[in-house]
1. Under 5 Å between amide H atoms, partner at least 5 residues away or on a different chain: which partners does T297 have, H built in plane at 1.01 Å?
2. With Cβ to Cβ distances under 9 Å as the rule, what net charge do the other residues near L291 carry (K, R +1; D, E -1)?
3. Using amide H atoms built 1.01 Å from N in the peptide plane, name the residues 5+ places from D177, or on other chains, whose amide H lies under 5 Å from its own.
4. Please sort 110-122, 91-103 by packing, taking for each peptide the average over its residues of neighbouring beta carbons within 10 angstrom, highest first.
5. Can you give the alpha-carbon Rg of the range 89-155 over 2.2 N^0.38 Å, where N counts its residues?
6. Among 286-298, 168-180, how do they line up by average Cβ neighbours within 10 Å per residue, starting with the highest?
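Since every read-out is calculated from the coordinates, none of them should be taken as a lab result. It should be emphasised that the depicted structure is a prediction, and the values quoted were computed from it without experimental measurement. Positions of Cβ are backbone-derived with ideal geometry, glycine not excepted, and every protein chain shown enters the neighbour counts.
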Amino acid sequence: MTCDREIPRGYPRIAEPCNDGRIPNAKYQYHCLECAIEQQPKLVREILVSETFDEGQVPDATALKQELQDRIEALEAKKPVPPRRVQLGPDRQVESLMQQLYDTPDDRDVLAVLADALTERGDLRGELIVLDLALGPDEGDEDQENRRNELRYRLLPRVCRSEVARAIVTWGFGFIDHAVVGDTQPYGGKLFPDVWSHGSLRLLRELTVNGDPGDWLGSKFPALRRLAIGYGRLDSLPSSLPRLEELRLTCRVDRAGAELLAAVLGDRKLARIELGHMARPDVVRERLAQLCDELVTFTDNDRATW
């Protein structure tokens, strides 16, 4: 019972499904009718509407329904109005600072200005940047470390907490610096386009995809320097990664694939290409050597490392 009243035999009582842990194996808690009307008016109304009650115990159900409605409206009126979440549009100063950081993601002066601008907008990332600038990677005040970990978790893309995506991230100053993603299929086409638009990934510099990159890379990584992909189609590689310097491919590359990669890169020349399987190695190696300053081949034994 939820009150101290003793309910006489034959007097109506309301059974509410219960599993709050206070009483082992309890399936219901009981209210006398008056308490139920006061505390659980919606539950009583559901019982009346479904007509799962003894009409002899509730002689005037119509009047009781009206009483319940009045009680429900009174309770709703007392509920505090939730604060309205303000959606802030793009900020020119913030976007200008981000453009600078695409070129120099570790510029502490620009990061400090960005932290102030974000803090003024109520963005938690501003506080995270301040903590990252103040603390070393593995040192600092315990309270500050705990706060930094809390902020990083709150600013982490939700899918990175999922076993489905199996994404592992490394943080830089306020933003994720490196992400390692498991096999993205069959989830990549549906799940990842929204993920990669997440604010924490705007300064991503290294991305490892142990699977087919699909068509979701797009132009979401203006700061990306290093990209490693597993199996998949080379035509999935985006041509809009302006700062890409190193590319690592564990997928099989033939002459057509080398020509396709050349078409994707256009006039750009990478600093380094690492390559695993090749068909007609001499021809492929010669073509790819024209696309980079350094061409490296590797075996299955070391494919997991840069």
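1. L275
2. +3
3. Placed amide hydrogens put T170, W171, G172 under 5 Å from D177.
4. Numbers: 110-122: 17.2, 91-103: 14.8.
Ranked by mean Cβ neighbours within 10 Å, highest first: 110-122, 91-103.
5. 1.13
6. Per-residue mean Cβ counts within 10 Å order the peptides as 168-180, 286-298.
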